[in-house]
Amino acid sequence: MIASEAEIGRPVVIPAGRRRLRGILTVPQDARGVVAFAHGSGSGRHSPRNQFVARALQEAGLATLLLDLLEVEEEADRAKVFDVELLAERLRFASDWLRLDPQTSSLALGYFGASTGAGAALVAAARDPDNVSAVVSRGGRPDLAGDYLSDVRAPTRLIVGGNDDVVIELNEQALRLLRCPKDLVIIPGATHLFPESGALEEVSRLAAEWFDRHLSVMRASSGSKSPVNAGGDSEADIDEHLTTPPGDLLKINRNLMNNLRRSTRRMDAAKN
């Protein structure tokens, strides 16, 4: 079968203030979502590991944007390489561009972050909660997102190698601070870059499963977003909201309004 031009991928240039970010956008036929990659430690769109994962996501029916978050002359600046807030801002420019591009404007958005890029992806998701539907971290440093972790609403999966001891601990710390639907998956025997036989394939499978679950739900609900956990909903409650059919959401909203009216009447009675 001959791949279409969209499936082969096309080079793109994304404005980011005074900078221009170079990327590769690949959109399979009938794509169910789009995933923007945030590479870590100065890596970019040519990263063989992220290209491997991107191909697996494409085969699973997801569009991908492999992206250089830094321009060539910035890559030698170690301060910028580890400037998570700068990288998150660049990722936000990319997500805004995806919402305008005709091929991806209707697709739910996810972020795939590796190493320091995982921290940037989580910061970007926290800053843009209404437009980011899922996050996956591969061997990432989610701890670098700091205080932003508690503001992330997008369902987040953290994937770590079983022999990457320090990074496991950092991911466990970040997991405790996340208040969104979340999980931590440890791949036995894998090290930080997942070079072991079958390790990167397992990363790809786990990422595709997570994005397919959450991006497909957001697309099916026509852009409706999960409710904020300000009222103390448990993670199971949030997961239920994410998978509730649109027709049932109307019933839930009516019940919430009825409960609100009853609470208001009780408060008025107490005042009197």
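The values are calculated or read from the model by the stated rules, or taken from the named source; none is laboratory data. From a predicted model like this one, the values you see are computed outputs, not experimental measurements. Reconstructed Cβ throughout: ideal geometry from the backbone, glycine too, with neighbour counts over all protein chains shown.
Matching residues to (1) out of contact with any Ser or Thr (no Cβ under 6 Å at 6 or more places or on another chain); (2) closer than 21 Å to ARG45 by Cβ:
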| site | (1), (2) |
| --- | --- |
| TYR111 | yes, yes |
| ALA118 | no, yes |
| PRO129 | yes, no |
| SER133 | yes, no |
| ASN171 | yes, no |
| ARG179 | no, no |
| LEU184 | yes, no |
| LEU206 | yes, no |
**Message:** Condition (residue is surrounded by fewer than 19 Cβ atoms within 10 Å (Cβ to Cβ) and touching a Ser or Thr at 6+ places or on another chain (Cβ under 9 Å)) applied to region 99-108: is it met by at least one residue?
**Reply:** yes
**Request:** Answer yes if at least one residue in region 203-222 is more than 22 Å from VAL27 (Cα to Cα), surrounded by fewer than 18 Cβ atoms within 10 Å (Cβ to Cβ) and either aromatic (Phe, Trp, Tyr) or assigned by TED's automatic domain parsing to the domain that holds ASP30 (or both), and no otherwise.
**Result:** no
**Message:** List the helices (runs of 4 or more DSSP H) inside region 1-104, counting only whole elements, that have at least 1 residues being at pLDDT 95 or above and farther than 20 Å from HIS214 by Cα.
**Reply:** 48-59, 84-100
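Condition check ((1) surrounded by fewer than 22 Cβ atoms within 10 Å (Cβ to Cβ); (2) modelled with pLDDT under 95; (3) over 21 Å from LEU70 (Cβ atoms)) across all residues:
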| residue | (1), (2), (3) |
| --- | --- |
| GLY110 | no, no, yes |
| GLY113 | no, no, no |
| ALA124 | no, no, no |
| GLY161 | no, no, yes |
| GLU169 | yes, no, yes |
| ARG179 | yes, no, yes |
**Asked** For region 46-95, which residues satisfy the criterion of being within 19 Å of PRO142 (Cβ to Cβ) and among the charged types (D, E, K, R)?
**Response** ARG49, ASP83, GLU85, GLU89, ARG90, ARG92
**Request:** Return yes when LEU215 is more than 21 Å from ALA108 (Cα to Cα), in a helix (DSSP H, G or I), modelled with pLDDT of 55 or more and in contact with a Leu (Cβ under 9 Å, 6 or more places away or on another chain) and no when it is not.
**Result:** no
**Complete:** In region 46-78, residues that are over 22 Å from GLY198 (Cα atoms) and either among the hydrophobic types (A, V, I, L, M, F, W, C) or not assigned by TED's automatic domain parsing to the domain that holds ARG99 (or both) total 8
**Request:** Scan SER105, SER95 and give me the residue that is without any contact (Cβ under 8 Å) to a residue 24 or more places away in the chain and of a type in the set (Gly, Ala, Ser).
**Result:** SER105
**Complete:** Scanning region 184-194 residue by residue, the ones that are exposed (fewer than 14 other Cβ atoms within 10 Å of the Cβ) and in contact with a helix residue (DSSP H, G or I) (Cβ under 9 Å, 6 or more places away or on another chain) total 1
**Message:** One residue is enough: does region 134-143 have a residue meeting the conditions touching a residue at least 12 places away in the same chain (Cβ under 8 Å) and surrounded by fewer than 24 Cβ atoms within 10 Å (Cβ to Cβ)?
**Reply:** yes
